[in-house]
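Novice: Sharing a structure below in structure tokens format, with a few things to ask.
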Amino acid sequence: MKNFLLSSSILSADFSRLGEDVKKVIDAGSDWIHFDVMDNHYVPNLTMGPMILKSLRDYNINVPIDVHLMAKPVDDLIPKFAKAGADFITFHPESSNHIDRTLKLIKDNGCKAGLAFNPSTSLNFLDYIIDKLDLILLMSVNPGFGNQSFLSSTFKKIREVRKWIKLNSLDILLEVDGGIKLENISEIASYGANVFVIGSGIFDHSDYYKIIKDIRRKLKLSSSKFLY
Ligand code: DX5
Ligand code: ZN
């Protein structure tokens, strides 16, 4: 059985009682918490800053927090999110003038580093820095909003990145973000993803325990048919 991780995107959580809702999803079995940072500049939406991350840590949220920066520029934000309690910090190559330097900044601040690719962003950005990454995030929707439909052009990209990771025996997590639901998660996994960001696909259900259990069962049942 392959090792799959579920990262619940709190963009779809109930913000009027965020700590409680996040605790509930973790108790229901979510491995990680996905924390979407939007600046109304890099993407047309505005969400959360490091203060909110810190308040989740203060509320005893202890699982890994996977910060997804959809902001430009990013370098100033990195030490702030690291200090607030991030484990992973992922940014988009278009948002940094010096990708290699930004990756180093993340590591120097004690976090694991990820690079995120929009549906239209070329994987060429990986050429000279792939060995410095802990995580590659493939966006399967255009960034900015929850509850959009999964773009099937992502499949080819997942397969390509998985091939590259395998060929070079790299220890890199392959995360997919956007439009993942119970109905399509097996197919997404079959191309080689192993971390699944799920927002509305979990938070829009009243019973988090049941939906997470159903998702894991689906992954387990189909994992023998995977293409990699
Ligand atoms: C979109 C965000 C996603 C979003 C996913 O820009 O990066 O993390 O929350 O939401 P769903 O799972 O509802 O598509
Ligand atoms: Zn995200």
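The values are calculated or read from the model by the stated rules, or taken from the named source; none is laboratory data. Every value quoted in this text rests on a predicted model; they were computed, and no experiment measured them. All Cβ positions, glycine included, derive from the backbone under ideal geometry; neighbour counts span all protein chains shown. To get the accessible areas, we keep the full protein, side chains included, count just its heavy atoms, and leave off ligands, DNA and RNA. Shrake-Rupley method; radii C 1.70, N 1.55, O 1.52, S 1.80 Å.
Novice: Taking the Cα centre of the chain as the origin, how large is its charge dipole in debye, to the nearest 20, when only Lys and Arg (+1) and Asp and Glu (-1) carry charge on their Cβ atoms? Don't jump to the answer; show the numbers that get you there.
Specialist: On the way: 28 positive and 27 negative charges, 137 e Å.
Computed about the Cα centre, the dipole is about 660 debye.
Novice: Separate question: Note the full-extension length gain between N40 and L123 as 0.36 nm times their separation in residues minus their Cα-Cα distance, in nm to one decimal.
Specialist: On the way: separation 83, 0.36 × 83 = 29.88 nm, distance 2.49 nm.
Working it through step by step, the gained length comes to 27.4 nm.
Novice: Positive end of the dipole of the stretch 5-222, charges at C-beta (+1 Lys, Arg; -1 Asp, Glu), about the Cα centre: which of F203, A71, F15 has its Cα farthest in that direction?
Specialist: Positive-most Cα among the choices belongs to F203.
Novice: What residue among S200, S169, S120 shows peak mean-square fluctuation when the chain is described by a Gaussian network model with Cα springs under 10 Å?
Specialist: Between S200, S169, S120, it is S169 that shows the largest mean-square fluctuation.
Novice: Compute the projected area of the convex hull of the Cα atoms of the stretch 123-228, averaged over all viewing directions, and report it in nm² to one decimal place.
Specialist: Values: hull surface 28.2 nm².
Quarter of the Cα hull surface area: 7.0 nm².
Novice: Run the quick spin-label model on R217 and H98: label points 7 Å from Cα toward the beta carbon, then report their separation in nm to one decimal.
Specialist: 5.3
Novice: Counting Lys and Arg as +1 and Asp and Glu as -1, what is the net charge of the other residues whose Cβ lies under 15 Å from the Cβ of V25?
Specialist: Combined, the nearby Lys, Arg, Asp and Glu give -4.
Novice: Please give the per residue accessible area of the chain, computed with a probe of 1.4 Å over protein heavy atoms only, in Å². Please report the intermediate quantities before stating the final value.
Specialist: On the way: 10630 Å² over 228 residues.
With all protein chains present, the chain gives 47 Å² per residue.
Novice: Here is a further query. What does the charge count around S153 come to, taking other residues whose C-beta lies under 15 Å from its C-beta (Lys +1, Arg +1, Asp -1, Glu -1)? Before the final figure, lay out the partial values.
Specialist: Values: positive: K156, K157, R159; negative: E160, D177, E187.
My count for the surroundings of S153 gives 0.
Novice: Shifting gears a bit: Which whole-Hz ³J(HN,Hα) couplings does the stretch 203-219 yield from phi under the Karplus relation 6.51 cos²θ - 1.76 cosθ + 1.60, θ = phi - 60°, glycine and proline marked x?
Specialist: Coupling constants for the stretch 203-219: 5, 7, 9, 7, 10, 5, 4, 5, 5, 5, 4, 5, 4, 5, 5, 4, 5 Hz.
Novice: Moving on to the next point. Positive end of the charge dipole of the stretch 5-222 (Lys, Arg +1 and Asp, Glu -1 on Cβ, about the Cα centre): tell me which of P50, N147, W32 has its Cα farthest that way.
Specialist: W32
Novice: What residues have an amide H closer than 5 Å to that of V195, excluding those fewer than 5 places away on the same chain, when H is modeled at 1.01 Å from N in the peptide plane?
Specialist: L5, L174, E175, V176
Novice: Report the calculated FRET efficiency for R17 and D76 (r = Cβ-Cβ distance, R0 = 30 Å), to the nearest 0.05.
Specialist: Numbers: r = 30 Å, r/R0 = 1.01.
Once the sixth-power term is evaluated, E becomes 0.50.
Novice: Give me the net charge of S7's neighbourhood, meaning all other residues with Cβ under 10 Å from the Cβ of S7; Lys, Arg count +1, Asp, Glu -1. Write down the numbers at each step before the final one.
Specialist: Numbers: positive: none; negative: D31, D66, E175, D177.
Combined, the nearby Lys, Arg, Asp and Glu give -4.
Novice: So, one more: Would you mind checking the stretch 1-22 for residues with the amide N under 15 Å from a putative spin-label position 7 Å along Cα→C-beta of S224?
Specialist: 1-2
Novice: Just tell me which aspartates and glutamates come within less than 20 Å, Cα to Cα, of K83; anything on the same chain fewer than 8 places away is out.
Specialist: Here the aspartates and glutamates satisfying the reach criterion relative to K83 are D36, D39, D58, D66, D75, D108, D134.
Novice: Still on this model: Enter the per residue convex hull volume of the chain, computed from alpha-carbon coordinates, in Å³ rounded to the nearest integer.
Specialist: On the way: hull volume 25.7 nm³, N = 228.
Looking at the chain, the number lands at 113 Å³ per residue.
Novice: Ignoring ligands, DNA and RNA, what percent of the 1.4 Å accessible area of the stretch 1-90 is carbon and sulfur? Write out the running numbers ahead of the final one.
Specialist: Values: 2060 of 3950 Å².
Percent of accessible area from carbon and sulfur atoms in the stretch 1-90: 52.
Novice: Which chymotrypsin sites (Phe, Trp or Tyr not before Pro) does the stretch 1-98 hold that lie in a coil by DSSP with at most 13 other beta carbons within 10 Å? Kindly include the intermediate steps, with their values, before the conclusion.
Specialist: On the way: sites: F4, F15, W32, F35, Y42, Y59, F81, F88, F91; in loops: F4, Y42, Y59.
In loop regions of the stretch 1-98 (DSSP not H, G, I, E or B), the sparsely surrounded chymotrypsin sites (Phe, Trp or Tyr not before Pro) are Y59.
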